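Here is the structure we will look at.
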């Protein structure tokens, strides 16, 4: 038994090194496709985080004209507080112009052109409203009423933004999933081809092995391990890449700590889960590619 | 030990390579299959080690109908059959010892068995001092001895030799024949396909002659024709 195991491992290693160009191509392709798979997972998770946060949070923002006077603001506030059956009065929050500008500085940090147009004097102040009612039509009706109150500049529904983000996230999900599946198929094909080439290069040995009575599994296993190893190495590389990407991303988002963007950070726990998935997919892709090759090309 | 019952084998749409062949080979026999190229000698050997399967008829080896055994059992059948070829089929990147050891390694024999069997069989074929050489450092006759050592190291019941002297000069060929004869005396059945008249006439063993796939003669202590 020990002879067999050491034989299989030795042969796997020899074959792995002999074919370094093809092996490299197969490993890199599987790494890239797995990286894309992992990114799909993380992007999805980030969007879900963001959407969940929005869902349970502000759904309506009443922007107040920058030239509105204190009386008008009090009227708007009173009108909002009178709707206790629809909105959560305790969570009603007013951001004055200075506070609104501070928020805008963070939101538009990446967009200095927009920020330059805003000053603490011309920016609208805002009421952030958290509804109690789940009925979005009711909330919309309420919003429409506020449009007509003097001093109100605009009423924004989080639902609208939510829908846009959800649509973008859906699009990204489909696009990255399709790309990663295509690349994964390419990776399986490359592993298949590498193993097939390795078997062809050693057809004399395989012929002798068959003639002296080696079992098919004995002949196959080193080649299958070779493919498996390619898939797993691809998986490890993709994990490293994904880890790097996520660290860089988290670092970038950390600057927006108290805005919604902070929700786009993916936690380490989920990251580990994704890495395990990537290693598994890599191993399966390698086993499938080499398995098909090893069973089809044994008749040499 | 080996029995063929009305065996017919055709490749594609050509005329049958072997047609309605029947014969029996007893344990410990030494038998020549003779006939010109394309007469079906090699096909008969390939039928016996189940590299080919007949369309009609059955092939029996060591009491088993080998056309009825499962695909997964074929390797175990082959462990009872040693194969020798005109082109030796040695692995060029392995030394003499490694080539012989390879045959034991790939059927899962433990290291200590290999360490003991390989020098013994190299001694038998007269290459005790050449274990570390590579095939390209050996003469044709020596390479054929390595191939015989590899075929015999597992002590098979039967040796199948396909034109083993085909690439060798007469004197070297005779040496190979003496070696096969010696192996035969240990009780191993030897089936040899050849068109080397001189060797057949020298050995005076049983001769089965083929002509276009048909057995036309089966003679004890025969000559080539």
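Run the Debye formula on the Cα coordinates of region B:84-152, all scatterers equal and no solvent, and tell me log10 I(q)/I(0) at q = 0.15, 0.17, 0.23 1/Å.
Treating every Cα as an identical point scatterer, log10 I(q)/I(0) equals -0.39, -0.51, -0.94.
Packing-wise, with mean Cβ within 10 Å as the measure, how do A:79-85, A:204-210 rank, highest first?
The densest-packed peptide leads the list: A:204-210, A:79-85.
Can you put B:46, B:182 in order of Cβ neighbours within 10 angstrom, beginning with the fewest?
The most exposed by this proxy come first: B:182, B:46.
I'd like the projected area of region A:57-159, averaged over all directions, using the convex hull of its alpha carbons. Report it in nm² with one decimal. If you can, show how the numbers build up before the last one.
Details: hull surface 25.9 nm².
For the Cα atoms of region A:57-159, the hull's average projected area reads 6.5 nm².
Report the far tail of the P(r) of the protein assembly as shown, meaning the percent of Cα-Cα pairs longer than 43 Å.
48 percent
Computed from the mean reciprocal separation of all distinct C-alpha pairs, what Kirkwood hydrodynamic radius does region B:155-205 have, in Å?
By the Kirkwood definition, the hydrodynamic radius is 11.2 Å.
Provide, in order from the shortest bin, the percent of all Cα-Cα pairs of region B:1-111 in each 5 Å bin, continuing until the bin that contains the maximum pair distance.
Answer for region B:1-111: a P(r) of 2, 10, 18, 20, 18, 15, 10, 5, 2, 0 percent.
Where does chain A land at 222 nm, in deg cm²/dmol rounded to the nearest 500, when only DSSP H runs of n ≥ 4 count, each adding -39500 (n - 2.57), divided by all residues?
Calculated from helices alone, the mean residue ellipticity at 222 nm is -25000 deg cm²/dmol.
Within 10 Å of each Cβ in B:69-79, how many Cβ atoms from other chains are there, averaged over the peptide?
That works out to 3 on average.
Give the residues of region B:173-201 whose amide nitrogen is closer than 20 Å to a point set 7 Å from the Cα of residue B:223 in the direction of its Cβ.
The answer is B:174, B:194-201.
What value does region A:1-111 have for Rg/Rh, both radii from Cα atoms and Rh as Kirkwood defines it?
Rounded to two decimals, Rg over Rh is 1.44.
Please give the Cα centre distance for region A:217-232 versus region A:132-168, rounded to the nearest Å.
Region A:217-232 and region A:132-168 have Cα centres separated by 59 Å.
Using a 10 Å cut-off around each Cβ of peptide A:203-210, what is the average number of partner chain Cβ atoms that fall inside?
Mean partner shielding for this stretch: 5.
Relative contact order (percent) for region B:1-147, with alpha-carbon contacts under 8 angstrom and 6 or more residues of separation? Walk me through the intermediate numbers first.
Numbers: 175 pairs, mean separation 29.4, N = 147.
Here the relative contact order equals 20 percent.
In deg cm²/dmol, rounded to 500, what helix-only [θ] at 222 nm does chain B give when every DSSP H run of at least 4 residues adds -39500 (n - 2.57) and the total is split over its residues?
The helix contribution divided over chain B gives -9500 deg cm²/dmol.
Hey, what did region A:57-159 get for relative contact order, percent, Cα under 8 Å, at least 6 apart?
52 percent
Per q in 0.21 Å⁻¹, report the Debye log10 I(q)/I(0) for region A:116-198, using one uniform scatterer on each alpha carbon and no solvent.
Evaluating at q = 0.21 Å⁻¹ gives log10 I(q)/I(0) of -1.05.
What relative contact order, as a whole-number percentage, does chain A give when Cα pairs under 8 Å and 6 or more residues apart are counted? Before the final figure, lay out each step's value.
Working: 393 pairs, mean separation 97.9, N = 300.
Once divided by the residue count of chain A, the mean separation gives 33 percent.
Once R0 is set to 41 Å, what does the formula 1/(1 + (r/R0)^6) return for the Cβ-Cβ distance between residue A:79 and residue A:174, expressed as a FRET efficiency to the nearest 0.05?
0.45
At 1.567 mPa s and 4 °C, plugging the Kirkwood radius over alpha-carbon pairs of chain A into Stokes-Einstein gives what diffusion coefficient in µm²/s?
Result for D is 55 µm²/s.
In peptide A:213-221, what is the residue-averaged number of other protein chain Cβ atoms found within 10 Å of each Cβ?
Partner-chain Cβ atoms within 10 Å, mean over residues of A:213-221: 5.
No value in this document is a laboratory result; all are computed from the given coordinates. Here the structure is a predicted model, which means the values were calculated and not measured. So basically every Cβ, Gly included, is an ideal-geometry build from the backbone, and we count neighbours across all protein chains shown.
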